[in-house]
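The values are calculated or read from the model by the stated rules, or taken from the named source; none is laboratory data. Computed from a predicted model, the values in this text were never measured in an experiment. Virtual Cβ from ideal backbone geometry, glycine too; neighbours counted across all protein chains shown. Keep in mind that these areas ignore ligands, DNA and RNA; they rest on the heavy atoms of the full protein, side chains included. Shrake-Rupley method; radii C 1.70, N 1.55, O 1.52, S 1.80 Å.
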Amino acid sequence: MNEAKLKVGQVLGPVGLRGEVKVLSLTDFPDRFAPGARLGLRESEIKIERTGGGAGVSGSPLIVKFEGIDSREAAHRLSGAYLEVPAEAAHQLPSGAYYHYQLIGLRVSTESGRDLGVLEEVLGGPGNDIWVVKSHSGQHLVPALRSVVELVDLAKGTVLVKDWVLDSEEIRSGEADAV
């Protein structure tokens, strides 16, 4: 693909006086925050010295100490920064699960052949992701649910969704299984 990066965490701010920071985990793989792990940070790399708190999985806060960040001021300068890994270092996902970067740019259409546009953004939600599909005539918000998404074909660059995706009561109520 290209030089895609996967965001695995975001630095929320300093904790204490010795350079520790609070990190919001954005990954389901806690080994990303193990001592000695290296993560991309603002066009450079940073090494984790130690980790505490939380489980290290998506949505949980952690307290992280990075090598070379030894003061509250230095920790504060990291606030808001994303921690990343190269896409080629991605963990294998189960069948039917995709990284956001794999979905961006896919052409989305319905079973009956109606072209909805290109998947341009993935919004994380509490129950499931929402795919923002844009076309020349506007945009569609498509819930990433097994009951909505018929097929994702990365090789062909396409997504097929159910015909009723645009006006379903099931979608408005938020019921069904996430993709």
Legend entry - Scan of region 1-59 for residues that are of a type outside the set (A, V, I, L, M), within 21 Å of A87 (Cβ to Cβ), in contact with a helix residue (DSSP H, G or I) (Cβ under 8 Å, 6 or more places away or on another chain) and free of Cβ contacts under 8 Å to residues at least 60 places away in the same chain, ordered by number: S25, G56
Legend entry - Of the criteria (1) modelled with pLDDT under 90; (2) in a loop (DSSP other than H, G, I, E, B), which one W164 fails: (2)
Legend entry - Count of region 76-102 residues which are at pLDDT 95 or above and either farther than 17 Å from S25 by Cα or touching a helix residue (DSSP H, G or I) at 6+ places or on another chain (Cβ under 6 Å) (or both): 2
Legend entry - Verdict on S25 being under 15 Å from L6 (Cα atoms) and touching a Gly at 6+ places or on another chain (Cβ under 6 Å): yes
Legend entry - Subset tally (residues that are over 27 Å from D129 (Cβ atoms) and surrounded by 14 or more Cβ atoms within 10 Å (Cβ to Cβ)) for region 48-66: 6
Inset, instruction - Among the residues of region 142-154, write down those that are more than 17 Å from the chain's Cα centre (by Cα) and assigned to a strand (DSSP E or B). - result: V149, E150, L151, V152, D153
Legend entry - Candidates L116, L145 - the one that is farther than 26 Å from D28 by Cβ, surrounded by 14 or more Cβ atoms within 10 Å (Cβ to Cβ) and at pLDDT 90 or above: L116
Inset, instruction - Restricting attention to region 124-141, report how many residues are under 18 Å from the mean Cα position of the chain (by Cα), open to solvent by 50 Å² or more (accessible area, probe 1.4 Å) and small (G, A, S). - result: 2
